[in-house]
1. Which of the following residues is touching a residue at least 40 places away in the same chain (Cβ under 8 Å) and among the small types (Gly, Ala, Ser): 11, 49?
2. Listed residues 268, 260; which is part of a strand (DSSP E or B), open to solvent by 30 Å² or more (accessible area, probe 1.4 Å) and not charged (D, E, K, R)?
3. What residue, among those in segment 15-35 that are in a helix (DSSP H, G or I) and surrounded by 19 or more Cβ atoms within 10 Å (Cβ to Cβ), is modelled with the lowest pLDDT?
4. Step by step: first the residues of segment 212-221, then only those that are modelled with pLDDT of 95 or more and aliphatic (A, V, I, L, M), then the one that is surrounded by the most Cβ atoms within 10 Å (Cβ to Cβ). Which residue is that?
5. Out of 168, 178, I need the residue that is at pLDDT 95 or above and touching an Asp or Glu at 6+ places or on another chain (Cβ under 6 Å). Which one?
6. What about residue 247, is it touching a Ser or Thr at 6+ places or on another chain (Cβ under 8 Å) and either in a loop (DSSP other than H, G, I, E, B) or open to solvent by less than 30 Å² (accessible area, probe 1.4 Å) (or both)?
7. Counting only residues that are within 28 Å of residue 252 (Cβ to Cβ) and either within 18 Å of the chain's Cα centre (by Cα) or of a type in the set (Val, Ile, Thr) (or both), give me the helices (runs of 4 or more DSSP H) lying completely in segment 70-154 with at least 1 of them.
Amino acid sequence: MFFEGTFSIDASGDGSRLDRALEAAMPGSGLRLRRRLCEEGRVLVDGRARKPGYKVRTGQSVEIEEVRAMTTADELGLRIVKLADGFAAVNKPGRVHSAAISGKDEPSAEGVLADLFPGRNPVLLNRLDYLTSGLLLVALTPEAREAYLEYEDDGAIKKFYLARVQGRLDGIVSVRNRLDTDDRKKTRVLAESDPDSRRWTGVTALSHDNAAGTSLVRCLIMKGARHQIRAHLSSIGHPIIGDPLYGEGDSPRGLMLQHQRIEMPGFQAEAIPLF
């Protein structure tokens with residue numbers, strides 16, 4: 001994939017940082033690449049090179065030099081958190097695809113696993129939403145992959161997420177509603193309870209920001225469905241900050257949801273909490 005050309009800032013981008021305004025012309029590029037281009041002087045605003053934090057204005061002309069999309073693990077911001085017993089935990093930033101998308105030439109964590117684990121046959125075991133940051137689990141042997149699938153079926157895997165949500169949430173809540181994920185952009189939360197406890201979302205309140213009207217919560221899932229935590233939290237009146245689909249839209253810090261810890265027999269890994 002290549003990015004190049006010139007575009008004009010419209011009213012929706014007025015006052016935005018240049019590195020964020022570039023996303024309109026570079027979908028799927030990731031903030032790291034856009035900042036690097038600005039730092040290298042490869043993005044011109046009205047003919048002049050500008051830094052990532054430059055505030056653009058409506059009507060300004062932005063020129064991007066031809067550049068390949070990010071194709072290495074380092075450029076995508078992927079980091080190995082732990083490597084043991086045939087498994088690896090890799091930390092993924094938000095706004096990076098977990099898996100390769102059929103029919104699209106977009107960078108993904110799955111597409112660069114060979115960079116991280118040369119000479120192996122790495123297999124991605126779980127996925128995170130494009131906007132979600134945190135741990136991806138990788139099998140480095142066929143035996144590890146089979147073990148993971150068995151652990152998942154047995155409900156022996158615990159995945160802990162951190163999220164900052166709207167409103168004050170107290171105590172511990174178990175959201176057990178069944179989810180309808182069939183052929184929809186947005187997962188629908190149904191009224192009935194899901195009999196499979198692996199599909200429940202356990203929510204524990206950690207702290208509150210009374211001034212901002214938000215709460216920090218830890219969520220536990222075992223075998224997640226698409227958008228499970230996002231949809232479940234929204235269904236109880238506490239959408240995640242920065243959620244454009246189930247909440248009130250984007251935020252300067254993006255979607256405030258992180259897969260922070262994973263536990264399963266013989267393997268545990270943890271990322272540095274982001275919020």
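The values are calculated or read from the model by the stated rules, or taken from the named source; none is laboratory data. A quick note: this is a predicted structure, and the numbers were derived from the prediction, not measured. All Cβ positions, even for glycine, are placed from backbone atoms using ideal geometry, and neighbour counts span all protein chains on display. We work out accessible area using only protein heavy atoms, side chains counted, and drop any ligands, DNA or RNA first. Shrake-Rupley method; radii C 1.70, N 1.55, O 1.52, S 1.80 Å.
1. Details: 49 fails: touching a residue at least 40 places away in the same chain (Cβ under 8 Å).
Just one listed residue meets the conditions, 11.
2. Working: 260 fails: open to solvent by 30 Å² or more (accessible area, probe 1.4 Å).
On inspection, the qualifying residue turns out to be 268.
3. Filtering segment 15-35 for residues that are in a helix (DSSP H, G or I) and surrounded by 19 or more Cβ atoms within 10 Å (Cβ to Cβ), the one modelled with the lowest pLDDT comes out as 33.
4. Among them, the one singled out is 217.
5. On the way: 168 fails: touching an Asp or Glu at 6+ places or on another chain (Cβ under 6 Å).
Criteria check complete, one pass: 178.
6. Values: touching a Ser or Thr at 6+ places or on another chain (Cβ under 8 Å): yes; either in a loop (DSSP other than H, G, I, E, B) or open to solvent by less than 30 Å² (accessible area, probe 1.4 Å) (or both): yes.
In short, yes.
7. In segment 70-154, 73-76 are the helices (runs of 4 or more DSSP H) which contain 1 or more residues that are within 28 Å of residue 252 (Cβ to Cβ) and either within 18 Å of the chain's Cα centre (by Cα) or of a type in the set (Val, Ile, Thr) (or both).
Condition check ((1) over 29 Å from residue 214 (Cα atoms); (2) touching a helix residue (DSSP H, G or I) at 6+ places or on another chain (Cβ under 7 Å); (3) assigned to a helix (DSSP H, G or I)) across all residues:
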{"position": "156", "(1), (2), (3)": "yes, no, no"}
{"position": "162", "(1), (2), (3)": "no, no, no"}
{"position": "170", "(1), (2), (3)": "no, no, no"}
{"position": "173", "(1), (2), (3)": "no, no, no"}
{"position": "179", "(1), (2), (3)": "no, yes, no"}
{"position": "192", "(1), (2), (3)": "no, no, no"}
